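Note sheet for the following structure.
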Amino acid sequence: MLARCTLIQKRRKRPKPLKPERSIRDTALGLLARREHTRLELAGKLKAREFLANEIEALLDGLQQEGLQSDARFAEGYVYSRTRRGFGPLRIRQELQSRGVTESLVSAHIDFEDPQWLQLACREYGKKFGDSQVGSVKERARRMRYLQNRGFTGDIIRQTFARFERAETAPGAGT
């Protein structure tokens, strides 16, 4: 039993091999290789790895000049991705702004007047609730909150409900 304890202690005492120090540029490029990041996100991740603030700013300026980091490219991909997952323009705008994307870039990538938002809201509503009728005011409010939480505007929500109510009252519906 004594030999076993010393063996365990010997295993624990062996130092782990040190990883070679990565430069700030290598770290940033490694992060960007996995996915696009906004300038704010990248700065936060580098700061968490304890790089100096002046080094981070200099590196980010260089990466932007080289075209390796772009908030516009991030915004474009993010809008596409979140739209495909069924989220509306309000939620996407809020998420982009929380990631440090400027309002001008957000406006360039999200058009609130685009008819795709109504189509998307109808698709998400149909997927969640099907063709079932709204039975009560409470149920209607619940369904509206669902679309609000997905990030759709009040106008789009009203139009979505109008389309589904027309479908429910159309001749031949329910037969």
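The values are calculated or read from the model by the stated rules, or taken from the named source; none is laboratory data. If you're wondering where the values come from, they're calculated on a predicted model, not measured in any experiment. Counting neighbours? That spans all protein chains shown, and the Cβs are built from the backbone with ideal geometry, glycine included.
Please tell me if residue 93 is at pLDDT 95 or above, surrounded by fewer than 17 Cβ atoms within 10 Å (Cβ to Cβ) and not assigned by TED's automatic domain parsing to the domain that holds residue 42.
Against the criterion (at pLDDT 95 or above, surrounded by fewer than 17 Cβ atoms within 10 Å (Cβ to Cβ) and not assigned by TED's automatic domain parsing to the domain that holds residue 42), residue 93 does not qualify.
Across the stretch 110-128, what is the total count of residues that are touching a residue at least 24 places away in the same chain (Cβ under 8 Å) and part of a helix (DSSP H, G or I)?
Total meeting the criteria: 11.
Mind telling me which of the residues 132, 81, 136 ends up being under 20 Å from the mean Cα position of the chain (by Cα) and either closer than 30 Å to residue 37 by Cβ or surrounded by fewer than 17 Cβ atoms within 10 Å (Cβ to Cβ) (or both)? Steps first, answer last, please.
Working: 132 fails: under 20 Å from the mean Cα position of the chain (by Cα); 136 fails: under 20 Å from the mean Cα position of the chain (by Cα).
After ruling out the rest, the residue left standing is 81.
So which residues in the stretch 77-109 are among the β-branched types (Val, Ile, Thr) and assigned to a loop (DSSP other than H, G, I, E, B)? Break it down stepwise before answering.
If we filter the stretch 77-109 for residues that are among the β-branched types (Val, Ile, Thr), which is where we start, we get 79, 83, 92, 101-102, 106.
Scanning the stretch 77-109 gives 101, 102.
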